[in-house]
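Structure first, commentary second.
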Amino acid sequence: MREEPVAGALSAAAPLRGPGLVGGTVGAGAPVALGDVDLDAHHPMPTGLGELDRVLAGGLLPGSATLVGGEPGTGKSTLLLQALASMAAMGKRGLLVAAEEAAHQVRRRAARLGADVPGVYVVEATELSAVEVAVADLAPDIVVVDSIQAVSDPELGSPAGSLAQVRACAQRLVAFAKVTGPALVLVGHVTKEGALAGPRTLEHLVDTVLSFEGDRYLALRALRAMKHRFGPTGETGLFEMGEKGLVGVADPSSLFLGDRLLGAPGSAVTVPIEGYRPLLVEVQALVGRSSAVPRRFVTGLDPGRVGFLVAVLDRRAGVPVGDRDVYVSVAGGARACEPAADLAVCLALASSMSGVALRCDMLALGEVGLGGELRRVSGMTKRLAEAKRLGFRHALVPGPGGGRACGAPRELGGDDTLRQLPGTTLSEALSLAFGDHLVARRGAGPTRLPDGLASPGAGEAECRDDRGSGVHIAREAFA
Ligand code: TYD
Ligand code: MG
């Protein structure tokens, strides 16, 4: 079934041979000065898939081992087949060890992806020794084992797929790759709990652990480096699954905001940093009447954090959401799990509660503290620059630290100016965002709330701003 190796393809791209190429099993040798260690031999091979190379900090290193984990259906097989084809186009020979699928199934998928190109080889194998023989025969630059859970060694005695089998087979393959030279990629299925035999227990065996995440029913997929011996972790690659496989998302912010319903209540835009990139996302909230115990449904955010924000909004800003059912999600399958998104979550909730939409060219950034204060977040400049790029004109942000007074509005220069509206408390931010729509009294004393709590914002009459001087948010506004 196997094609013959393409003559000449290997000579230009002969994999590096010899022990101790990468991490781990460095062979015995004389100590060398650190400055004399040869770096030239250890260049990553780009996969040619921009988002994958971004996460790998350049590409796959010869002799290295990479584990790609993810739930079934996220697109691991698709991604790696595309990577093999792309690398083949650059003269690298790739071997796909099909341990779960038949070669003809792989071929069909490859045809659909345009990945049935010379330089990509497939072998149906589930026994460890067969995999080793295939690798030794073909001498590929990259070996993808799909999946490691389906490979076993009958000599071990333990049943195929068991933890002991998966671990032992991975260990042997990693050692084998280090000696023979190909970049080894192991695919590992993970269940929602991350519990399935394998991936979690393999992490210490490999140099790099990538996690491929995404709902199989949504197009968006995120690839994250959880461990990487040859570069920084924390970078995220974004892909969209389409008819012809995975396509890197060039402008994620535009994608996430693409279907936004302008002028709808319950929506607020914020800018989390995903990996090293600021992305604009839409936080959506729906507040409903609760029949019994108030419920919270959260997607794309930390549910505990949303519960916290509901409590702060209720107790510190007088927005009575505490006893309501609350639904909060980040649109388009995106995530916003950092505190910088707090303010947007609160604004979306207040907007849903009141039925008043935020202006559509406004975004919000800021952590909300238990006292209802706004706290500054890191990376403000790049977050705001991304917002400005997409035409946003107003940014609600935390004011200068610690002061009681609002800062004066500031502007990011340029033709399409982004105006920053600094506030020191959540209450101030709400009045800046909603203006007179939610403001019951201006310059009045503390509002008495039904349960006897003093209104937040009391005693802040010195606050100087064109819209927010001494404002108090009344519960009636949310009735
Ligand atoms: P697959 O790569 O098989 O996922 P995994 O190996 O992680 O289990 O494919 C994931 C899903 O993507 C599968 O349900 C079918 C779908 N898909 C497409 O939408 N377009 C495509 O071009 C391909 C190959 C798959
Ligand atoms: Mg698969």
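The values are calculated or read from the model by the stated rules, or taken from the named source; none is laboratory data. Since we're looking at a predicted model, the values are computed, not measured. Neighbour counts are summed over all protein chains in view; Cβ atoms, including those assigned to glycine, are modelled from backbone coordinates with ideal geometry.
General remarks:
- Checked against the criterion of being on the phi > 0 side of the Ramachandran plot, within 12 Å of ligand 1 (Cβ to nearest atom) and assigned by TED's automatic domain parsing to the domain that holds residue 108, region 71-87 contains one or more residues that satisfy it.
- Residue 281 satisfies every condition listed in (1) at pLDDT 90 or above; (2) hydrophobic (A, V, I, L, M, F, W, C); (3) not assigned by TED's automatic domain parsing to the domain that holds residue 348 except (3).
- Here the condition is being modelled with pLDDT under 80, within 18 Å of residue 300 (Cβ to Cβ), of a type in the set (A, V, I, L, M) and within 16 Å of ligand 1 (Cβ to nearest atom); of 238, 218, it holds for 218 alone.
- Scan of region 273-324 for residues that are more than 19 Å from residue 374 (Cα to Cα) and aromatic (Phe, Trp, Tyr), ordered by number: 276, 297
- All conditions in (1) at pLDDT below 95; (2) closer than 16 Å to residue 267 by Cβ hold for residue 389, with the sole exception of (2).
- In region 75-118, the residues that are aliphatic (A, V, I, L, M) and in contact with a Lys or Arg (Cβ under 9 Å, 6 or more places away or on another chain): 79, 81, 84, 87, 103, 113, 115
- Residue match in region 148-157 (condition: within 16 Å of ligand 1 (Cβ to nearest atom), buried (at least 23 other Cβ atoms within 10 Å of the Cβ) and under 29 Å from the mean Cα position of the chain (by Cα)): yes
- Selection from region 353-370 of residues that are modelled with pLDDT under 95 and either closer than 19 Å to residue 319 by Cβ or outside the structural domain of residue 305 (by TED's automatic domain parsing) (or both): 353, 354, 355, 356, 357, 358, 359, 362
- The residues in region 247-270 that are within 27 Å of residue 76 (Cβ to Cβ) and of a type outside the set (Asp, Glu) can be counted, and the count is 10.
A quick yes/no check of all residues on (1) in a helix (DSSP H, G or I); (2) over 17 Å from residue 64 (Cβ atoms); (3) in the same structural domain as residue 74 (by TED's automatic domain parsing); (4) within 16 Å of ligand 2 (Cβ to nearest atom):
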| residue | (1), (2), (3), (4) |
| --- | --- |
| 132 | yes, yes, yes, no |
| 135 | yes, no, yes, no |
| 149 | yes, yes, yes, yes |
| 155 | yes, yes, yes, no |
| 158 | no, yes, yes, no |
| 161 | no, yes, yes, yes |
| 165 | yes, yes, yes, no |
| 169 | yes, yes, yes, no |
| 172 | yes, no, yes, no |
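- Any pair with Cβ under 6 angstrom, 6 or more apart, that starts in region 244-268 at a residue that is within 16 Å of ligand 1 (Cβ to nearest atom) and ends at one that is assigned to a helix (DSSP H, G or I) and hydroxyl-bearing (Ser, Thr, Tyr): 245/78; 246/78
- Unique match (being within 16 Å of ligand 2 (Cβ to nearest atom) and either crowded, with 22+ Cβ neighbours inside 10 Å or under 28 Å from the mean Cα position of the chain (by Cα) (or both)) among 67, 56, 61: 67
- Scanning region 291-343 for residues that are in contact with a Ser or Thr (Cβ under 9 Å, 6 or more places away or on another chain), assigned to a helix (DSSP H, G or I) and among the basic types (Lys, Arg) yields one hit, 316.
- For the criterion of being touching a strand residue (DSSP E or B) at 6+ places or on another chain (Cβ under 8 Å) and surrounded by 22 or more Cβ atoms within 10 Å (Cβ to Cβ), residue 123 fails.
- Qualifying residue in region 115-137 (condition: more than 16 Å from ligand 1 (Cβ to nearest atom), within 20 Å of residue 209 (Cα to Cα) and among the hydrophobic types (A, V, I, L, M, F, W, C)): no
- Any hit, region 262-283, residues being small (Gly, Ala, Ser), touching a Ser or Thr at 6+ places or on another chain (Cβ under 8 Å) and assigned to a strand (DSSP E or B): yes
- Looking across region 232-245 at every residue that is under 16 Å from the mean Cα position of the chain (by Cα) and assigned to a strand (DSSP E or B), the one that is nearest to ligand 2 (Cβ to nearest atom) is identified as 241.
- Test: residue in region 117-128 that is outside any helix (DSSP H, G or I), without any contact (Cβ under 8 Å) to a residue 40 or more places away in the chain and touching a Leu at 6+ places or on another chain (Cβ under 7 Å): yes
- Among the residues making up region 88-108, those that are away from ligand 1 (no atom under 14 Å from the Cβ) and not in a strand (DSSP E or B) are 88, 89, 90, 91, 92, 93, 103, 104.
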